[in-house]
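In what follows, a structure is listed as structure tokens, so that the remarks can point back to it.
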Amino acid sequence: MIKQSPSSTIVLFILLIVIVIGLSLLSDRIWGGKAEKLPKPDTLIIEKGMTITQFGQANAFPNQVLKTIFDLQTKSDLDNKLEKYGTSDQISMLVLKKLALASEHSSKNWIKILVKFVLWAFFLGIVYLIFNRRKITPQLRKWLLFAAVLIFGVGLGSDPSPMGTVKDAIHLYGTTGAIFPPRMIALTVFLVFVFLVNKYICAWGCQVGALQDLIFHINRTDKHKAVIGRQIKLPFVLTNTLRIAFLGLFTLVAFLWGFDIIEPIDPFKVFKPEHIVFTGGIFITLLLVAGLFIYRPWCHLFCPFGLVGWLIEKISRVRVSVDYETCIACQKCAAACPSTVMGAILRRDKKTIPDCFSCYTCRDVCPTGSIRFSRDKRTLPPAGHFEKR
Ligand code: SF4
Ligand code: SF4
């Protein structure tokens, strides 16, 4: 067992990043990268009286692509006049939409995606069962997080991810008006996870979420104190405002200019390192270093799924609740919680409850076993409960 010291923390942090980047490069090669997206034409040539064949020749679209775009049934449909499919603008939109959807299809490795979802269900199920039966030791926590990083990030890559489903759905719709059904199914599955068992998918399944969590815990002693510097809890009102503003900006830019502002700084590219650009490299480095001192900075400050998941968390069937009959108001749970959630749950002063990442720290430090993850409704602490001490 390595004794936690500032130097061992730095070594572990660097080692972790080297392992993640090194093995991800290898894994990408093994899976054989598929093209991210098919190239799309800058301008379309559409002339009056054109047939589909002539349109295809003018824009260098093979017959197979024309068949997909215009839903052609027989070869003779290639002689149809373009006008049959609408005005020039409508045809441009149709082409853009169909090409975008074909591009989405061709860029996916469906076997990898299927394997990933099966493993997610299996892994989250196992974690749920373990945690509901026993306390989590700091070592077990780190090994489980490391396993999640290795399986869902290094081994199975950056795509799909909970964050990517929200981001790419907005961007695709904003730029082409298209909705890619498999992505909507994936998003629904992620949200169903949150509905059923709270933010387990973020806590133990998301590749970047688990990586940040692991980094945070590398810089944490078993007594929940920072090894290097201080671990700070940013006020939720600040983090959530920034997160909402970031999603608003992302959506606006996608709809108005068709640009994806997350793409150059996407931290999920840590599992696809050959795609990291210079600015992205700086951003991701800063983010990961910040993760030593702030719990899940990407999730709290930027992630679109973090925001959507937080909303669904409000109706989740599983939640943290406190039994105030046995609670002795020591507030050890709030002190150990890596975020501001437990403090907000205890105060219940009508302020919004922040995201809970189902880390179980609060439950495990409670000396009276008063904290539960269950379907129990949260109750308010009796008046003056925390003033008694
Ligand atoms: S909030 Fe964090 S854990 Fe959840 S999808 Fe976003 S990056 Fe992943
Ligand atoms: S310590 Fe408890 S309240 Fe805080 S994030 Fe973890 S599970 Fe949620």
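No lab work stands behind these numbers, since they all come straight from the coordinates. Owing to the predicted nature of the structure, the values given are computational and were not obtained by experimental measurement. Here the Cβ positions follow ideal geometry from the backbone for every residue, glycine too, while neighbour counts run over all protein chains shown.
What is the order of Leu301, Leu78, Leu25, fewest Cβ neighbours within 10 Å to most?
Leu25, Leu78, Leu301
Can you report the principal axis dimensions of the stretch 1-130 using only the alpha carbons, biggest first, rounded to whole angstrom?
77, 33, 25
Neighbouring Cβ atoms within 10 Å as the yardstick, rank Ser103, Ser158, Ser88 fewest first.
On the way: Ser103 20, Ser158 23, Ser88 13.
Sorted ascending by nearby Cβ count, the order is Ser88, Ser103, Ser158.
Which is farthest toward the positive dipole end of the chain among Phe122, Ser358, Val237, measuring Cα position about the Cα centre, with Cβ charges +1 (Lys, Arg) and -1 (Asp, Glu)?
The residue sitting most towards the positive pole is Ser358.
Normalized C-alpha radius of gyration of the stretch 318-374, against 2.2 N^0.38 Å?
Working: Rg = 10.2 Å, N = 57, 2.2 N^0.38 = 10.2 Å.
So the Cα radius of gyration is 0.99 times the expected 2.2 N^0.38 Å.
Running a GNM on the chain with Cα contacts under 10 Å, which residue among Leu187, Leu15, Leu252 ends up with the highest mean-square fluctuation?
Of the options given, Leu15 has the highest mean-square fluctuation.
Taking the alpha-carbon centroid of each part, what is the distance from the stretch 287-332 to the stretch 334-348 in angstrom?
9
Using R₀ = 30 Å, calculate the FRET efficiency as 1/(1 + (r/R₀)^6) where r is the Cβ-Cβ separation of His385 and Leu140; round to 0.05. Before the final figure, lay out the partial values.
On the way: r = 32 Å, r/R0 = 1.07.
Efficiency, rounded to the nearest 0.05: 0.40.
Taking the Cα centre of the stretch 318-374 as origin, sum charge times position over the Cβ atoms of Lys and Arg (+1) and Asp and Glu (-1), and report the length of that vector in debye to the nearest 20.
Values: 8 positive and 5 negative charges, 32 e Å.
For this selection, approximately 160 debye.
For the stretch 102-140, run through the trypsin sites (Lys or Arg not before Pro) and keep only the ones in DSSP coil with at most 14 other Cβ atoms within 10 Å of their Cβ. Could the numbers behind the result be given before it?
Working: sites: Lys108, Lys112, Lys116, Arg133, Arg134, Lys135; in loops: Lys108, Arg134, Lys135.
When the trypsin sites (Lys or Arg not before Pro) of the stretch 102-140 are filtered for loop state and at most 14 Cβ neighbours within 10 Å, Arg134, Lys135 remain.
Based on the alpha carbon coordinates of the stretch 78-156, what radius of gyration and maximum Cα-Cα distance (Dmax) apply, in Å?
Looking at the stretch 78-156, its Cα Rg and Dmax stand at 23.1, 70 Å.
Pop a pseudo-label 7 angstrom from the Cα along the beta-carbon direction at both Thr43 and Gln73 and give the gap in nm to one decimal.
With each label point 7 Å from Cα toward Cβ, the separation is 3.7 nm.
Ranked highest first by the average count of other Cβ atoms within 10 Å around their residues, in what order do 196-209, 63-76, 261-274 fall?
The most tightly packed comes first, giving 196-209, 261-274, 63-76.
Can you pull a Stokes-Einstein diffusion coefficient for the stretch 52-107 at 20 °C (1.002 mPa s), Rh from Kirkwood over Cα pairs, as a whole number of µm²/s?
On the way: Rh = 11.5 Å.
Answer, rounded: 186 µm²/s.
Suppose every Lys and Arg Cβ carries +1 and every Asp and Glu Cβ carries -1, with no other charges. What dipole size does the chain come out with about its Cα centre, to the nearest 20 debye? Before the final figure, lay out each step's value.
Details: 47 positive and 26 negative charges, 354 e Å.
Taking the Cα centre of the chain as origin, the dipole is about 1700 debye.
Distance from the Cα centre of the stretch 91-163 to that of the stretch 355-379, in angstrom?
Cα centres, the stretch 91-163 to the stretch 355-379: 26 Å.
Out of every Cα pair in the chain, what percent are spaced more than 34 Å from each other?
Details: 27615 of 75466 pairs.
Tail fraction, whole percent: 37.
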